Structure formats: structure tokens, C-alpha cells
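The values are calculated or read from the model by the stated rules, or taken from the named source; none is laboratory data. What you see is a predicted model, and the numbers here were worked out from it, not measured in a lab. Glycine gets a Cβ as well: all are built from the backbone with ideal geometry, and neighbour counts include every protein chain shown. Keep in mind that these areas ignore ligands, DNA and RNA; they rest on the heavy atoms of the full protein, side chains included. Shrake-Rupley method; radii C 1.70, N 1.55, O 1.52, S 1.80 Å.
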Amino acid sequence: MSENKLTITAICGSLREGSFNRRVLKAMEELASKHWEIHHVDLSTIPLYNSDIESQGDPQSVVEFKESIRKADGVLIVTPEYNMGIPGVLKNALDWASRPSKSSVLIQKPFAIAGATPGSGGTAQSQAQVRQTLLAMNAYTMAGPKILIGSIHEKLNETTGELDDESTLRHLERFLTAFEEWILVFKQTQK
Ligand SMILES: Cc1cc2nc3c(=O)[nH]c(=O)nc-3n(C[C@H](O)[C@H](O)[C@H](O)COP(=O)(O)O)c2cc1C
């Protein structure tokens with residue numbers, strides 16, 4: 001990995017193969033490719049949180065998930081909204097990562113949240129819940145700019161299915177730059 005690149009762990013809150021949120025993440029990855037080394041985590045391998053399982057030692061997928069967050073300069077979450085809230089798979093993974101609570105890998109970790117939906121609300125309520133969850137876990141979540149993409153299905157290339165709406169891409173660029181600056185604040189204070 002290039003020494004100057006930031007290490008970013010990327011979490012998609014959807015398990016769906018054709019996920020719109022995964023496409024937004026892909027667009028971000030392409031825009032940030034010169035500055036970021038992105039490590040994707042697969043939430044589908046993380047079991048439901050159960051302290052009986054945890055007390056016997058974290059399952060391998062959880063070990064790898066936590067390690068990916070621990071090593072990252074920042075964590076990017078791109079998530080759908082389910083029933084006006086956070087998708088269960090995402091909340092479950094964050095619950096695992098929040099343990100042990102006094103020394104979890106989430107503490108003081110810079111985060112940024114984004115989301116997309118075919119609906120009009122742009123995942124605002126889901127993102128608010130993710131923010132609240134991360135606050136409880138003592139993570140440092142960037143306040144803004146916010147990425148609330150509504151009508152995502154109308155912003156994709158008809159042939160490739162990739163996000164190609166110019167105004168959305170420019171907004172993503174501003175978001176990515178702001179996240180880099182947010183991460184650097186904490187990198188500098190940790191020196
Ligand atoms: C259980 C369920 C609940 C949903 N609730 C909402 C919702 O509250 N708000 C919203 O904007 N979209 C909602 N949707 C629609 C999702 O935004 C849509 O399925 C989206 O494509 C999911 O993201 P993905 O494409 O990244 O998988 C819901 C979808 C499901 C399956």
C-alpha cells in the first residue's frame with residue numbers, strides 16, 4: 001500500500017447483490033482511488049450477536065471485522081433505510097464491534113455515513129440512527145456534508161447501472177474531501 005494513502009474500511013448496510021448503496025460506495029471508491037486504500041467488509045458472514053458466543057471467543061468473521069476497523073484511519077458506512085431506521089445487519093455488526101465497551105475498536109474512530117434510496121427521504125432516518133449508535137460507542141462521526149441520495153434509481157447509467165449523475169458525483173467528491181480532512185484532524189492529535 002502507498003504510504004500516503006488513507007486506509008478506509010467500507011461497510012455497506014445492504015447484503016443485496018445489486019444494492020444501490022453498494023453502487024454509491026463503488027462510485028466513492030473510484031473518486032477516492034488516488035487517496036484511499038479501501039477495505040470492504042462483508043456483513044453477511046457476521047452472526048447474530050450473542051454474548052454466550054462472545055464469551056467463548058469472537059467468531060473469525062467478527063475478529064476480522066474488528067481488525068479491519070482497528071487498522072483503518074476511518075470507516076465509511078453507506079446504508080439503506082429499513083422501516084425508517086437502521087438495517088438490522090448493520091446494527092448487529094456495530095454491536096459486535098462495540099465490545100468490549102471500554103476498549104472497543106470504535107472508540108475515537110473517525111466515521112462518515114452516507115445512504116441512498118429509491119424513495120424521497122434519502123435515508124435521513126436511518127443515518128440519524130447510525131449516528132446515535134456511533135455516539136453511544138464513542139466513535140467520532142463527521143457531522144457533514146451529508147449524503148442523502150433520494151430517487152437513486154434515476155441517477156444510474158442505463159447501460160452500466162453505475163451512478164453517473166454529475167451533480168451527485170460532485171457532491172460525493174465534496175463529502176470525500178471533508179472526510180479526509182476529518183480523519184486528518186484525529187491523525188494529527190494522535191501524533
Ligand atoms: C424491509 C424494508 C424496509 C424498507 N424501508 C424503507 C424506508 O423506511 N425508507 C426508504 O427510503 N426505503 C425503504 N425501503 C426501500 C429501500 O430503500 C430499497 O429496497 C433499497 O433499494 C435498499 O437499498 P439497497 O438497494 O442498497 O439494497 C425498505 C426496503 C425494505 C426491504
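Points to keep in mind about this one:
- Among the residues of the stretch 92-109, just one is buried (at least 23 other Cβ atoms within 10 Å of the Cβ) and touching a residue at least 60 places away in the same chain (Cβ under 8 Å), namely Ala93.
- Residue in the stretch 73-96 that is away from the ligand (no atom under 13 Å from the Cβ) and in a loop (DSSP other than H, G, I, E, B) present: yes
- Cβ pairs under 9 Å, 6+ apart, first in the stretch 79-91 and closer than 18 Å to Phe111 by Cα and open to solvent by less than 60 Å² (accessible area, probe 1.4 Å), second within 10 Å of the ligand (Cβ to nearest atom) and aromatic (Phe, Trp, Tyr): Pro80/Phe20
- Residue in the stretch 177-187 that is under 16 Å from Met28 (Cβ atoms) and in a loop (DSSP other than H, G, I, E, B) present: no
- Pick from the stretch 149-189, criterion open to solvent by 30 Å² or more (accessible area, probe 1.4 Å) and of a type in the set (Gly, Ala, Ser), ranking: nearest to Asp73 (Cα to Cα): Ser167
- Top-ranked residue in the stretch 1-56 [being more than 12 Å from the ligand (Cβ to nearest atom), among the acidic types (Asp, Glu) and in a loop (DSSP other than H, G, I, E, B); ranked as surrounded by the most Cβ atoms within 10 Å (Cβ to Cβ)]: Asp42
- Count of the stretch 1-39 residues, restricted to those that are of a type in the set (Lys, Arg) and either more than 23 Å from Ile149 (Cα to Cα) or in contact with a Lys or Arg (Cβ under 8 Å, 6 or more places away or on another chain) (or both), is 4.
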